[in-house]
Amino acid sequence: MLLPDSAALQEKLMAAPVLAEKETSGVASPLRKVSMPRRVLTRRDLALAVTAILDEWFGSSCPPLPLTEAFLMRLAHDLARGLTHRQTFLLASPRSEEAQAFVAARGLEFIPERFQGDATVLTTSGGLCSQVTGVADTDPGIEHAPIPLRRPDSGSDAAYPWPFLKLLHGGADTLLYVGRKSAGWTRALGSLLEAGARDHASLWQDQVLLVVLMPADTTDRDAIRLGYGLPGTGSGLRFLGLKPSLEPWITGEEFTRELARLWADREQRDSPERERLYDRLFERNDFIWVRYGVPLMRRNRGRWAAITLEGEYLLGDSREEAEALGDETFGENSAYVARLDETRGIESLGPRSAHA
Amino acid sequence: MEEEAFPDTGFTGGVIIPRALVEEIDARPHWGELRLGNQAIVGASYWRGRVAIGDLDLPTEIWALGDEFIIGRKVLDRMEVCFEFGERVRLRFDR
């Protein structure tokens, strides 16, 4: 680690552990905790909810196609419970009688109305507040289009699934899409949704986007793919299988150790395994930013912060200073370092880099 | 090794080297983020090092991305670059 040679910074580094101790004795110190973090669902929350529903309702298999809406209703309901402690109301109107009977038999209460999507969970807080809105897309769609459709690199809406585009206009804090296509089409659908989410990023710039792609023609859980997109991060929608989605956030210690291991092997330095390792840190850091960074921005705009998964943070006046303070206090790579403004202090490349 | 490096006033950072070169670098990198021209953000390796051009020698971040050498504003802002009718490039350095 290269430390800037500023004497002032060195003084702060020496002082940090002592100041952290002061925190425990109740004396004001630079080590603080974000008091009002945003409630945000994680990819793991989604994976755990999906697994629980499959286990409890579908005998560890995937739901038959006509019961997709029943699955969506329960998932929207369970995810909303992770977001609020207030009383929630599930609004849904399943199209199939089979789904209606299935849900009723399992005691999931709902109001038979449609609001924004196929299933919506509301709370009342001085007015109706939409927590989760979901759509179930069971239409074979472009899979059976009579003519081959181009990939939507041109930005055309022609190939994006319409229920997905409709969902992006929803007003809930969390948007949920459940897609059921053939196993062969599921991966291609994931790419389409990634492109659709990227091209319409302005529509969900303040919402969490969750996607469950469950092949309609297999009961193999390993074929399920989960999409996760955090608002305003520029990272778009990213897909992972169900099993890796169950992994907890990577710790700084784990990342540092794995990177050292991969770097020791010359051939692993630019390997898919190293890419996956970076992706795990990337997603963790996006989560830290949305949960803690954005609330912090209001009071400390323009300053640099090292923020942990628990919401503890230290402020500095430069990336180097915040990074050094964060490494010293929390451990290497344990804190996300960002400037508290919309750019997060991320260096930008010119237009020629769009495909780098 | 002799390679051309492109000055890029759209890049706000220091220096970018081709990603293929990471196999040659034994020092463990830092992890960082870069915002591409299409506003997508990507994770990338970077090192803290020094860049030396003529009389200029300054500390900067060196990123591994893409397949070109690129010099960004953190370096260019310390130089005067004069392109002379496609025949010559004259450099002057901030002291």
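When the protein assembly as shown is described by a simple charge dipole with +1 on each Lys and Arg Cβ and -1 on each Asp and Glu Cβ, the residue from A:174, A:293, A:190 located farthest towards its positive end is A:174. Most tightly packed first, judged by the mean number of other beta-carbon atoms within 10 Å of their residues, the peptides A:72-85, B:36-49 read A:72-85, B:36-49.
What FRET efficiency, computed as 1/(1 + (r/R0)^6) with R0 = 60 Å and r the Cβ-Cβ distance, is obtained for residue A:111 and residue A:268, rounded to the nearest 0.05? About 0.65, to the nearest 0.05. Remark: spin-label model distance residue B:28-residue A:251 equals 1.6 nm, labels positioned 7 Å along the Cα→Cβ axis. A convex hull fitted to the Cα coordinates of the protein assembly as shown yields 185 cubic angstrom per residue. Would you please name the GluC sites (Glu not before Pro) within chain B that are DSSP coil residues with at most 13 other C-beta atoms within 10 Å of their C-beta? The qualifying sites are B:2, B:3, B:4, B:87. Inverting the pair-averaged 1/r between distinct Cα atoms of region A:202-356 gives 17.3 Å as its Kirkwood hydrodynamic radius. Listed by Cβ neighbour count within 10 Å, with the fewest neighbours leading, A:169, A:200 appear as A:169, A:200.
The stretch between residue A:33 and residue A:93 holds 17.3 nm of extra length on full extension. This uses 0.36 nm per residue minus the Cα-Cα distance. When both region A:194-258 and region B:48-95 are represented by their alpha-carbon centers, they are found 38 Å apart.
For A:62, B:82, A:129, the sequence from fewest to most other C-beta atoms within 10 Å is B:82, A:129, A:62.
Among B:69, B:11, B:83, the largest mean-square fluctuation in a Gaussian network model of chain B (Cα springs under 10 Å) belongs to B:83. A Förster radius of 41 Å combined with the Cβ-Cβ distance from residue B:81 to residue B:40 puts the calculated FRET efficiency at roughly 0.90. The ranking of A:41, A:176, A:315 from fewest to most other beta carbons within 10 Å of each one's beta carbon is A:315, A:41, A:176. Pairs of lysine residues in the protein assembly as shown that meet both criteria, 8 or more places apart or on different chains and Cα atoms under 22 Å apart, total 5.
Quick note: the coordinates plus some simple rules give every number you see, no bench work behind them. Everything numeric in this text was worked out from a predicted model, so none of it was measured. Every residue, glycine among them, receives a Cβ derived from its backbone with ideal geometry; neighbour counts consider all protein chains shown.
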